Amino acid sequence: MNTSKALKLISFFSLFLGLSFANLLYAQAPYKLAGKPEIKVMGGSTLHDWEMVSAQSQGKAEMTVEGSAITGVSAAQVSLKAESLKSGKDKMDGIAYETLKTKKHPNIQFTLTSYKNLDGKKGLATGNLTIAGTTKPVTLAVNSVVKNGVVSLTGEAPIKFSDFNMAAPTAVFGTIKTTNDLKIQFKVNFQQVNSSI
């Protein structure tokens, strides 16, 4: 083998090894929810605006993180007990749980189907959201901060009671009516783990 061919072969293998190392360095890695995740549901009524908050979610994800930016998410799932949502008012919670059909469908779950990276710190997470036994596609606008191996995500999406075959609840013999429009907001932290999901 002449010197020219040998140099070309060495260059090829060097490039191949370099690309392989880069792929390993920025490979998809498993993450799980950590700390105190906050999932919030907000709405309005003829009396006042209201919100319910849960801090008891569970979740996992497969993400690619390069430096301080998320460059890809191949899988993610977050779930919570519907009755972990609290308004601070027992009567309102009871009406909400009846609307959510929690006795028959105790869990709320989001399963990612695709993630569109916008600039490393913003993205669009599309997936299937299951509430009260009905599953519908939703797209969440996501903002991210990566620090010390922790991926912090915040975002929101508009939904409607009617999207999930739920009737907007009423109170006081129908004199107080809840609007059909809702907003889901979330603030969660994902910590990298050592095993694949």
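Observations on the model:
- Entry remark, the range 27-46: residues being exposed (fewer than 15 other Cβ atoms within 10 Å of the Cβ) and more than 19 Å from L85 (Cβ to Cβ) number 2 in total.
- The range 57-66 - residue that is of a type outside the set (A, V, I, L, M, F, W, C) and more than 14 Å from the chain's Cα centre (by Cα) and, of those, farthest from T179 (Cα to Cα): E66
- In this structure, T134 does not satisfy being of a type in the set (S, T, N, Q) and within 18 Å of E51 (Cβ to Cβ).
- For beta carbons closer than 9 Å, sequence separation of 6+ or different chains, a first residue in the range 90-109 that is aromatic (F, W, Y) and a second that is part of a loop (DSSP other than H, G, I, E, B) and modelled with pLDDT of 95 or more, the qualifying pairs are Y97/L85; Y97/K103.
- Residue tally, condition over 21 Å from K40 (Cβ atoms) and either aromatic (F, W, Y) or surrounded by fewer than 14 Cβ atoms within 10 Å (Cβ to Cβ) (or both), over the range 138-175: 9
The values are calculated or read from the model by the stated rules, or taken from the named source; none is laboratory data. In this text, all values refer to a predicted model and were calculated from it rather than measured experimentally. No Cβ is skipped: glycine too gets one built from the backbone with ideal geometry, and neighbour counts run over all protein chains shown.
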